[in-house]
Structure formats: C-alpha cells, structure tokens
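Read through the structure below, which is laid out as structure tokens, and then see the notes.
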Amino acid sequence: MSIPVEIVEVGPRDGLQSQPTLVDTDTKIEFITRLIDAGARRLEVASFVNPKRVPQMADADEVIARLPRRPGVSYIGLVLNQRGFERAAASGIDQINSVAVASDTFCQRNQGVTSAQMYQQIRDMARAAQAAGRFFGVTIAAAFGCPFEGEVPVSRVLDMVRAYADLGVDEIALADTIGVAVPGQISAMLQQVLPILGATPLRLHCHNTRNTGIANVYAAAEAGVRIFDASCGGVGGCPFAPGATGNVGTEDLLYMLERMGYRSGMSLEGMIAVAKWLAGPLGAPTPAMVSRASVFPPALAAG
Ligand code: ZN
C-alpha cells in the first residue's frame with residue numbers, strides 16, 4: 001500500500017511568525033532551501049500583513065524575490081485583506097491563500113471585519129485571482145473552536161465551506177488554529193464537509209497545542225484527506241490567538257504517515273536535520289518529538 005499525501009511545509013510562515021527572536025531574511029532563505037533539500041515541494045513562506053502587527057513578516061516581499069526557484073516547487077503567500085492580496089499578486093508568489101474565520105470575534109481581532117464582511121472581500125479576491133489565472137485558496141480558521149467564543153457550530157463551518165466552494169476557489173483548508181480539536185470531532189466534521197466540497201481539494205491545518213495534533217491528522221487521513229500542513233520542528237503560533245502554540249511537526253507527521261504506508265516524497269532524516277538546524281537561529285530546541293528520538297528502524301541511519 002502506498003497512498004500519496006502532500007505535506008505543505010508552513011514553517012517559514014506560521015512557524016516563524018510569532019517567534020520572539022527576529023529571523024533575518026538570509027536565515028529564512030536558508031531555512032526554505034534546506035526544507036526543499038529535505039523534499040518539501042509546497043511551502044507557505046510569507047504573509048502579506050501589516051509589519052507593525054507581525055514584525056516577523058515585514059520582509060515578505062524580499063523573501064519572495066529571493067526564493068530558490070526549483071522545478072516542482074511552489075510557494076504560498078497568506079493574505080488577510082484586499083491590500084495584502086494586491087501585495088501578494090504583485091510579488092509574483094505562485095499561490096495566494098486567504099483567511100476566513102469561523103467566528104466573528106476572532107475575525108474582528110485577526111482581520112478587523114466580521115466573518116460576513118470577510119466573505120465579501122474574499123469573493124472579490126477570488127474573482128480577481130481567477131481573472132488573472134492565479135491559484136487562490138481559502139483557509140477557514142478556528143473551524144474547530146474559537147479562543148474567544150468557544151465552540152464553533154459545525155453548521156457554521158459547513159455554510160462557509162459551501163459558500164467558498166461555490167466561489168470556485170482552488171483549495172479549501174480547515175484550520176484548528178488554536179489546537180482544540182480532537183480526532184472524533186475531525187472525523188465527524190469531515191463526514192459532513194467532504195460530500196459538499198465537490199471537486200475542491202481539502203487541506204487540514206492542525207496545531208498541537210493540546211497534544212492532539214497528530215491524532216487529528218490520523219483521523220483526517222483515515223477519512224480521506226490527502227493534504228496536510230505541518231511545520232518543521234513543530235514551531236509556530238498565532239499573534240492574535242491567545243495561547244496558540246506550534247503546528248504539528250513535519251517530521252512527526254512524516255514518521256507516522258510513512259510508516260502507515262502514505263508517501264509524501266519528503267525525507268524523514270532530512271527533515272530531522274532541518275529541525276535540529278532550526279534550533280540554532282531560534283535559540284531554543286524545537287518542540288516536535290521525532291527529531292529528539294533515535295531513528296527507527298535503526299537501518300535508516302545508515303541509508
Ligand atoms: Zn496556524
């Protein structure tokens with residue numbers, strides 16, 4: 001059994017954006033290059049946000065201008081509003097990903113508008129992207145719980161999925177932005193989401209805040225999801241979500257999925273090496289687990 005999965009490496013954006021130590025552009029480019037060398041083929045590398053609000057992303061334009069261009073490698077830039085969309089479109093980034101939020105309070109804190117107002121904005125962006133022939137995706141943030149409102153009704157997420165799929169976007173991602181989801185919830189949500197998605201690909205974005213990230217990925221993979229976000233070393237957070245911690249670690253995901261028969265094209269050893277390297281620029285060991293354990297099975301160490 002060998003089932004292809006795509007792991008989208010979000011370390012350079014979601015992983016770095018709320019790190020206390022400012023990471024310079026040279027280091028970001030080195031990080032991205034090392035990730036590609038370890039097999040990453042689709043990477044979220046920047047967000048086009050107000051640099052005053054997210055200083056770590058202030059060099060987004062320079063990062064994109066300096067990205068290593070390799071065959072088969074594509075890059076995603078995140079946008080939260082029209083202004084960000086225009087910057088992203090002008091930057092030449094391969095794929096633009098917008099963010100809708102499943103709760104109004106979080107949407108106001110993150111993006112300064114209600115969820116319904118955000119829909120209007122994303123509809124306009126989607127039309128502009130489609131007219132320009134650009135890849136355009138939507139992430140539904142806080143889809144499994146909101147830091148301010150608590151439980152998010154499944155019906156709300158389903159309405160959003162339906163609305164964004166109707167816009168003809170290239171991909172929809174469900175994000176557990178604050179890491180509150182549990183596997184049963186993921187399975188139950190997917191059972192309802194997958195039938196209404198039609199041909200729109202689904203991506204899952206998990207944080208490991210409460211140690212359920214890897215279990216949530218397992219539940220989603222079993223339900224048929226084939227695109228997962230992860231960040232090397234499990235670094236990450238959200239500047240506007242209190243208590244949000246790292247993404248699920250790429251190497252942790254790789255270890256589990258590859259041993260279950262899924263194939264991502266990434267190198268586990270390579271990704272472990274990048275996680276160990278990343279501890280240097282960040283000034284602290286990365287939180288994910290597999291890079292701290294010995295390689296298993298041991299024969300891998302020689303090959
Ligand atoms: Zn995230």
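Structural remarks
- For the residues A46, A40, the requirement of being part of a loop (DSSP other than H, G, I, E, B), within 16 Å of the chain's Cα centre (by Cα), surrounded by 19 or more Cβ atoms within 10 Å (Cβ to Cβ) and touching a residue at least 12 places away in the same chain (Cβ under 8 Å) singles out A40.
- The residues of the range 111-145 that are within 16 Å of the ligand (Cβ to nearest atom) and farther than 27 Å from S187 by Cα amount to a single one, Q111.
- The set of residues from the range 1-37 being assigned to a loop (DSSP other than H, G, I, E, B), surrounded by fewer than 17 Cβ atoms within 10 Å (Cβ to Cβ) and either modelled with pLDDT of 95 or more or among the β-branched types (V, I, T) (or both) comprises T21, D24.
- Residue check, P71 out of contact with any Phe, Trp or Tyr (no Cβ under 9 Å at 6 or more places or on another chain) and loosely packed, with under 14 Cβ neighbours inside 10 Å: yes
- The residues on offer are I214, I272, I227, and the sole one that is over 15 Å from D14 (Cα atoms), crowded, with 19+ Cβ neighbours inside 10 Å and within 18 Å of the chain's Cα centre (by Cα) is I214.
- Subset of the range 173-188 (residues that are closer than 20 Å to N247 by Cβ, surrounded by fewer than 22 Cβ atoms within 10 Å (Cβ to Cβ) and in contact with a helix residue (DSSP H, G or I) (Cβ under 6 Å, 6 or more places away or on another chain)): P183
- Taken together, R109, R127 contain a single residue that is basic (K, R), part of a helix (DSSP H, G or I) and closer than 25 Å to R42 by Cα, which is R127.
- Failed item in (1) within 11 Å of the ligand (Cβ to nearest atom); (2) at pLDDT 95 or above; (3) among the hydroxyl-bearing types (S, T, Y), with T250 passing the rest: (1)
- Filter result (of a type in the set (S, T, Y) and surrounded by fewer than 20 Cβ atoms within 10 Å (Cβ to Cβ)) within the range 131-165: S155
- The set of residues from the range 147-190 being within 14 Å of the ligand (Cβ to nearest atom) and part of a strand (DSSP E or B) comprises A173, L174, A175, D176.
The values are calculated or read from the model by the stated rules, or taken from the named source; none is laboratory data. Predicted, not measured: the structure shown is a model, and the values here were computed from it. A quick note on method: Cβ atoms are made from the backbone with ideal geometry, for glycine too, and the neighbour counts reach across all protein chains shown.
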